[in-house]
Ligand code: MF3
Ligand code: CO
Ligand code: CO
């Protein structure tokens with residue numbers, strides 16, 4: 001069952017989404033060589049709790065203990081912030097945060113280039129963001145989730161990247177992960193029809209090498225099987241009459 005949101009619901013999601021976006025804006029100047037992912041996590045945790053008077057939704061989610069997922073280089077998603085994990089020049093990192101405010105969730109992530117990065121990494125990061133934007137462009141009543149997945153897969157494969165199939169986007173609202181599943185691959189016209197009032201994330205993960213992943217012994221960290229780098233970008237959006245509203249849009253973006 002897909003929960004359709006009212007205008008009142010979306011008003012609250014808009015607030016949660018904006019807060020999540022503001023966490024990523026706030027942390028940006030700190031993402032530099034030498035900082036630990038734990039420090040980044042501490043800063044975001046305090047900002048959400050003290051400044052935003054909101055709840056870091058990842059904390060306690062299925063036993064996860066941190067505010068952020070920090071996924072560096074070959075880590076696909078769900079990297080656990082740690083004092084031992086120090087950003088190095090040339091790394092690429094995804095920071096993924098979900099803010100819970102007034103009972104509603106906003107879930108978003110972006111990639112950061114740490115110091116001076118290799119062109120092949122920059123290109124992966126850029127194409128992955130393009131995939132997200134192309135998908136968002138297609139979201140409107142009457143389109144299908146297959147259209148979305150197809151747009152992502154097509155743009156990824158045209159650029160010789162693979163799309164991770166083991167993790168997907170999701171409905172979001174009062175519940176963090178709800179129906180529908182939003183696959184990042186698919187066929188035009190297939191899958192659930194998009195209707196006004198749906199809210200879901202799109203969060204494509206693209207790999208330099210093969211699409212296969214493995215989970216490390218910590219039970220969370222997802223890495224590429226071949227050890228090659230991976231990138232991800234995520235937005236939460238709400239479907240409107242004629243298109244969609246990106247609830248987690250940052251100031252640096254123009255969509
Ligand atoms: N934010 C992730 C997503 O995009 C989920 C993280 S769950 C956690 O759906 F427990 F690892 F934080
Ligand atoms: Co998500
Ligand atoms: Co997320």
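Miscellaneous remarks
- Over the stretch 1-78, relative contact order from alpha-carbon pairs under 8 Å, at least 6 apart, %: 18
- Summary of packing: across the peptides 136-145, 12-21, the per-residue average of other C-beta atoms within 10 Å ranks them, highest first, as 12-21, 136-145.
- Whole-number percent relative contact order across the stretch 1-135, with pairs defined as alpha carbons under 8 Å at least 6 apart: 27
- Between residue 251 and residue 113, full extension at 0.36 nm per residue minus the direct alpha carbon distance yields a gain of 47.9 nm.
- The stretch 1-43-the stretch 218-255 distance, computed between alpha-carbon centres (Å): 11
- The stretch between residue 39 and residue 123 holds 27.5 nm of extra length on full extension. This uses 0.36 nm per residue minus the Cα-Cα distance.
- When the Cα convex hull of the chain is projected onto planes of every orientation, the mean area is 12.4 nm².
- Pairwise FRET efficiency - residue 7 versus residue 64, Cβ, R0 = 41 Å, nearest 0.05: 0.80
- Our estimate of slack between residue 175 and residue 159, defined as 0.36 nm per intervening residue step minus the Cα-Cα distance, is 2.3 nm.
- In this simple spin-label model, placing a label point 7 Å from the Cα along the Cα-to-Cβ direction at both residue 140 and residue 214 gives a separation of 4.5 nm.
- In terms of its alpha-carbon gyration tensor, the stretch 29-143 comes out oblate; a/c meets the 1.5 threshold, while b/c is at least as large as a/b.
- Among 85-92, 199-206, sorting by the average number of other beta carbon atoms lying within 10 angstrom of each residue, highest first, gives 199-206, 85-92.
- With q set to 0.13, 0.14, 0.25 Å⁻¹, the log10 of I(q)/I(0) for the stretch 66-133, from the Debye formula over equal scatterers at the Cα positions, is -0.41, -0.47, -1.15.
- Scattering from the stretch 64-210 was approximated by placing one identical point on each alpha carbon and applying the Debye formula without solvent; log10 I(q)/I(0) at 0.08, 0.10, 0.13 1/Å stands at -0.23, -0.36, -0.61.
- Listed from fewest to most Cβ neighbours within 10 Å, the set 71, 109 follows the order 109, 71.
- Where N is the number of residues in the stretch 147-191, Cα Rg divided by 2.2 N^0.38 Å: 1.26
- Relative contact order of the chain, pairs being alpha-carbon contacts under 8 Å that are 6 or more residues apart, as %: 23
- Two-site FRET efficiency, residue 53 against residue 242, from Cβ-Cβ distance with R₀ of 30 Å, rounded to 0.05: 0.30
- Surface/4 of the Cα convex hull for the stretch 144-255, nm²: 8.3
- Separation of the stretch 49-86 from the stretch 158-194 is 22 Å, based on Cα centroids.
Read the figures in this text as sums done on the coordinates, not as results from a lab. What you are looking at is a predicted structure, and each value in this text was computed from that prediction instead of being measured. Neighbour counts are summed over all protein chains in view; Cβ atoms, including those assigned to glycine, are modelled from backbone coordinates with ideal geometry.
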